[in-house]
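These notes are about the structure you will find just below.
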Amino acid sequence: MLIYNGKNAEAGKNPDPDLGAGAYAAGQALFDPKHPAKLLKRLDQPSLYPEKSYERSGQYAAGTTFAEGLVLFQGELVPLLRHSRFFRGSG
């Protein structure tokens, strides 16, 4: 499984209207382990995306969430998240 960060298209360039133009979000893709160049499945929608007000402020006001890794928590893989709130030093 590949977890990746991406940016939605800018206004006027056919952005996903559910995400917002220029917003950063994370997606997931699954590749064949025996043939790693072969894509098996990809999520149609972002797995992490800006939802909170502090994720839509600061340096990237269009919205920013970044997946930084995975942890096993209570039997599930949970993405670690980094967003603009942690860089501004405000709560």
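Of the candidates Gln74, Gln45, the single residue that is touching an Asp or Glu at 6+ places or on another chain (Cβ under 9 Å), at pLDDT 90 or above and surrounded by fewer than 16 Cβ atoms within 10 Å (Cβ to Cβ) is Gln45. Going by the structure shown, is Leu40 surrounded by fewer than 17 Cβ atoms within 10 Å (Cβ to Cβ), in contact (Cβ under 8 Å) with a residue 24 or more places away in the chain and in a strand (DSSP E or B)? When the stated conditions are applied, Leu40 does not pass them. Please go through the stretch 10-35 and pick out each residue that is of a type outside the set (Asp, Glu), assigned to a loop (DSSP other than H, G, I, E, B) and either closer than 24 Å to Leu80 by Cα or in contact (Cβ under 8 Å) with a residue 24 or more places away in the chain (or both). Within the stretch 10-35, Leu19, Gly20, Ala21, Gly22, Ala23, Pro33 meet the criteria.
Give the stretch 48-68 a look and list any residue that's of a type in the set (Ser, Thr, Tyr) and either surrounded by 12 or more Cβ atoms within 10 Å (Cβ to Cβ) or in contact (Cβ under 8 Å) with a residue 40 or more places away in the chain (or both), or say none. Can you show your working first?
If we filter the stretch 48-68 for residues that are of a type in the set (Ser, Thr, Tyr), which is where we start, we get 49, 53-54, 57, 60, 64-65.
Those that are of a type in the set (Ser, Thr, Tyr) and either surrounded by 12 or more Cβ atoms within 10 Å (Cβ to Cβ) or in contact (Cβ under 8 Å) with a residue 40 or more places away in the chain (or both): Tyr49, Tyr54, Ser57, Tyr60, Thr64, Thr65.
Summed over the stretch 48-71, the residues that are closer than 12 Å to Asn5 by Cα, of a type in the set (Gly, Ala, Ser) and modelled with pLDDT of 80 or more give a count of 1. Within the stretch 45-56, the set of residues being in contact with a strand residue (DSSP E or B) (Cβ under 9 Å, 6 or more places away or on another chain) and in a loop (DSSP other than H, G, I, E, B) comprises Gln45, Pro46, Ser47, Tyr49, Pro50.
The values are calculated or read from the model by the stated rules, or taken from the named source; none is laboratory data. On a predicted model such as this, the values are computed, not experimentally measured, just so you know. With ideal geometry, Cβ positions are generated from the backbone for all residues, glycine too; neighbour counts draw on all protein chains shown.
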